[in-house]
Amino acid sequence: MAPTGEDSRNYSYNVDVTAATTVRRAAEILCADVAGEMVLVDPERGQYFGLDDIASVVWCRLEHPTSVGELCAALLADYECDAVTIANDVIALLERLAADGLIEAVP
Amino acid sequence: VTDRWLCGWCVASDLPLPELLPWTGDRREPDVTIRLGSVPPVLDDPIFAGPVLQIAADGSCRYEIAAVAAFLIRGGHDIVVQPRDDAPPSDVSTFLLNAVLAILCHQRGLIPLHASCIEIAGQAVAFAGPVGAGKSTLAAAARRAGHRILTDDVTPLAGSGSRVDALPTYPRLRLWQDAWTALCTGDDWSLPGRRGIARYDLALGSGFRTEPLALTTVVHLTHVSDLRFRELRELRGAEATAWLHDHVHTPAYPLRRGHGQSTLTTLFGLIPAIERHFVLARYPSLSALDESLEAVRARLTSGS
């Protein structure tokens, strides 16, 4: 139990993401379209994060828990790119989002 | 003393507050009460205690300007003022209608933007920035060009994701002496501003808009010292969020509040309804005001 008034959460999450991992948005994170770009806010930490176009697409697809394999397959259908590149990019992005506490792996 | 009007609230005040419009609405219990009284030197259970501002766990605030007055602000509706013996009333009301108003807004769940707000083409446009950025000066230039003014220095924002309104505050602009001289005519009626500080109050009269108005545009003001770096640049996403967050008035309050929804959460709920965010980097010259205003107006009416 954290002492009152202190935030003892560890904000550098090390999440090992593979094709079999299922991920979801962290519950407390807010998102909004701000003048055409997606922004995420962690109200507890008072931090905000800007998403580029592809990260926004991924974030939108994480409205419900989704496996990394499903996510890559969906993106492969929408974008003209090879499967290996998509998988590498998606995993790198998810690891960054997870490291910032914006998404989490579903146990 | 008659009741006064502020942001659409009925204000009962022991202080005369000639800056505010008289209340002309229905008879009702006041929304905000301002009383003369004793303000304790220290709050009972402060969760934040700075040299000027103390905040208690329940959100009550004590705000003091040493030579002027101490203020106790509670529940978003109750203000106790203890003026210093020789403080001129206009000095007391200056702080009451600035930082104290901003704290009151926080307590009422409104976002007080550090901005002066004008009406352009049926939309509210806020010029935001720190002291000296040119908020009031640009508003005075807009008034001269025939635009109505909603607020000076504190712009209360109310609303939700689909619409955010700027609430009009009071019909005054507070100008530096040079801006006053350049922008005001002999017909303009003024009062001296704070003692020892060359600031002048411009009474707006019919140039004041009393109805709330949808805020579509925020223009963040900065200065450049080299004319080549002047720009009006549109902001998006996290950058627009960061500028807006930086220009919330009285930022210690949201950071230190120990209860309720955080200011960032409230602010974030409002942002999607604001269509355009700009940074206006301007050379701080009175002669370039109309050019800056015209640049903003052109971007609003171009629809891009």
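Assorted remarks:
- Residue list for segment B:218-230, filter: of a type outside the set (K, R) and farther than 22 Å from B:V131 by Cβ: B:D226, B:L227
Table: residues versus (1) open to solvent by 20 Å² or more (accessible area, probe 1.4 Å); (2) at pLDDT 95 or above.
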{"residue": "B:D58", "(1), (2)": "yes, no"}
{"residue": "B:A69", "(1), (2)": "no, yes"}
{"residue": "B:D78", "(1), (2)": "yes, yes"}
{"residue": "B:S90", "(1), (2)": "yes, no"}
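- Of all residues making up segment B:218-246, the number that are assigned to a helix (DSSP H, G or I), aliphatic (A, V, I, L, M) and under 17 Å from B:A126 (Cα atoms): 3
- Test: residue in segment B:190-199 that is at pLDDT below 95, in a helix (DSSP H, G or I) and in contact with a Phe, Trp or Tyr (Cβ under 6 Å, 6 or more places away or on another chain): no
- Residue check, A:T18 touching a helix residue (DSSP H, G or I) at 6+ places or on another chain (Cβ under 8 Å), open to solvent by 50 Å² or more (accessible area, probe 1.4 Å) and either closer than 29 Å to B:S262 by Cβ or of a type in the set (V, I, T) (or both): yes
- Qualifying residue in segment B:106-126 (condition: touching a helix residue (DSSP H, G or I) at 6+ places or on another chain (Cβ under 9 Å), among the aliphatic types (A, V, I, L, M), assigned to a loop (DSSP other than H, G, I, E, B) and under 21 Å from B:A273 (Cβ atoms)): yes
- So A:L102, is it more than 14 Å from chain B (Cβ to nearest Cβ) and out of contact with any Gly (no Cβ under 8 Å at 6 or more places or on another chain): no
- So B:A140, is it small (G, A, S) and either within 17 Å of B:D201 (Cβ to Cβ) or open to solvent by 10 Å² or more (accessible area, probe 1.4 Å) (or both): yes
- Selection within segment B:262-302 - open to solvent by less than 50 Å² (accessible area, probe 1.4 Å), part of a loop (DSSP other than H, G, I, E, B) and at pLDDT 90 or above: B:I274
- Among (1) touching a helix residue (DSSP H, G or I) at 6+ places or on another chain (Cβ under 8 Å); (2) modelled with pLDDT of 95 or more; (3) of a type outside the set (V, I, T); (4) surrounded by fewer than 24 Cβ atoms within 10 Å (Cβ to Cβ) - the single one B:G159 does not satisfy: (2)
- For segment A:30-47, the tally of residues that are closer than 16 Å to B:E234 by Cα and open to solvent by 50 Å² or more (accessible area, probe 1.4 Å) stands at 3.
- Candidate set: segment B:1-26, residues that are open to solvent by 70 Å² or more (accessible area, probe 1.4 Å) and closer than 16 Å to B:T94 by Cα; chosen: the one nearest to the chain's Cα centre (by Cα): B:P18
- A:A87 vs. criteria modelled with pLDDT of 90 or more and touching a helix residue (DSSP H, G or I) at 6+ places or on another chain (Cβ under 6 Å): yes
- When segment B:225-259 is filtered for residues that are away from chain A (no Cβ under 14 Å), open to solvent by less than 50 Å² (accessible area, probe 1.4 Å) and at pLDDT 90 or above, the ones remaining, listed by number, are B:L232, B:H247, B:H249.
- The lone exception for A:D42 - which of (1) within 13 Å of the chain's Cα centre (by Cα); (2) away from chain B (no Cβ under 13 Å) it fails: (2)
The values are calculated or read from the model by the stated rules, or taken from the named source; none is laboratory data. Keep in mind the model is a prediction, meaning the values are calculated, not measured. Cβ: placed from backbone, ideal geometry, glycine included. Neighbour counts: every protein chain shown. Ligands, DNA and RNA are excluded from the accessible area calculation, which covers all protein heavy atoms including side chains. Shrake-Rupley method; radii C 1.70, N 1.55, O 1.52, S 1.80 Å.
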